[in-house]
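The values are calculated or read from the model by the stated rules, or taken from the named source; none is laboratory data. Predicted model only: the values in this text are computed from it and were never measured. Because the Cβ atoms are built from the backbone with ideal geometry, glycine has one as well, and the counts that use them run over all protein chains shown.
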Amino acid sequence: MSTPTIHATTVLAVMHNGQVAIGADGQATLGNTIAKSNVKKIRKLLEGKVVVGFAGSTADAFTLLERFEEKLNAYGGNMKRGAIELAKDWRTDRYLRRLEAMLIAASRDEVLIISGTGDVIEPDKQVAAIGSGAMYAQSAALALKKHAPQLTAEEMVRESLSIAADICIYTNHNLTIERL
């Protein structure tokens, strides 16, 4: 008998009009069962200067968050350099390369997607999304940036995650959103 797979979540970051917001839903799914509905998938690092959201295995994500914070400290808070160094380690280290998670990191100046395949992506149009509902949330955020530019970054994240939760069965409406 195989172990049920853990499905990802939805994490979204939007940079808009000098504001940055990152949010995630709270659902943890094990196989075809909702295991928990209020998981906090957003963490502040560097005394709140960097906010990270994660999708995938929670234990793996926490390991990566610790390593990322170490890299941020080692490189004087330079988020892009810390992300690149984490991605290099993640891809080459025998232990780390088995970790199954993805991260979105946001500071006041940039948004990055970090993956275990060695990718550090600075997304176009300053919208980043990961997880099973990523494409729904990203599409909604891009539409809001284009057609409702008067909204704040936080409002865009909230509405986009809500739309994703209406469509994706692995995403719920229990949202956590942080602003920078």
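Looking at region 43-67, which of the residues that are part of a strand (DSSP E or B) and either at pLDDT below 95 or of a type in the set (D, E) (or both) is surrounded by the fewest Cβ atoms within 10 Å (Cβ to Cβ)?
Result: G56.
Could you tell me how many of the residues in region 21-42 are crowded, with 17+ Cβ neighbours inside 10 Å, assigned to a strand (DSSP E or B) and not hydrophobic (A, V, I, L, M, F, W, C)?
Number of matching residues: 2.
Which residue, of A83, A74, is free of Cβ contacts under 8 Å to residues at least 60 places away in the same chain, of a type in the set (A, V, I, L, M) and within 21 Å of L180 (Cβ to Cβ)? Walk me through it before giving the result.
Values: A74 fails: within 21 Å of L180 (Cβ to Cβ).
A83 is the lone residue from the list that is free of Cβ contacts under 8 Å to residues at least 60 places away in the same chain, of a type in the set (A, V, I, L, M) and within 21 Å of L180 (Cβ to Cβ).
So in region 3-17, with the set limited to residues that are modelled with pLDDT under 95 and within 18 Å of A105 (Cα to Cα), which one is surrounded by the most Cβ atoms within 10 Å (Cβ to Cβ)?
So, considering only residues that are modelled with pLDDT under 95 and within 18 Å of A105 (Cα to Cα), the one surrounded by the most Cβ atoms within 10 Å (Cβ to Cβ) is T9.
Select from region 68-80 the residues that are assigned to a helix (DSSP H, G or I), more than 17 Å from S115 (Cβ to Cβ) and not aliphatic (A, V, I, L, M) and list them in ascending order.
E69, E70, N73, listed by residue number.
Residue-wise test of (1) touching a strand residue (DSSP E or B) at 6+ places or on another chain (Cβ under 6 Å); (2) within 26 Å of L64 (Cα to Cα); (3) aliphatic (A, V, I, L, M).
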{"site": "S115", "(1), (2), (3)": "yes, yes, no"}
{"site": "D124", "(1), (2), (3)": "no, yes, no"}
{"site": "A128", "(1), (2), (3)": "yes, yes, yes"}
{"site": "A140", "(1), (2), (3)": "no, no, yes"}
{"site": "H147", "(1), (2), (3)": "no, no, no"}
{"site": "L151", "(1), (2), (3)": "no, no, yes"}
{"site": "L161", "(1), (2), (3)": "yes, yes, yes"}
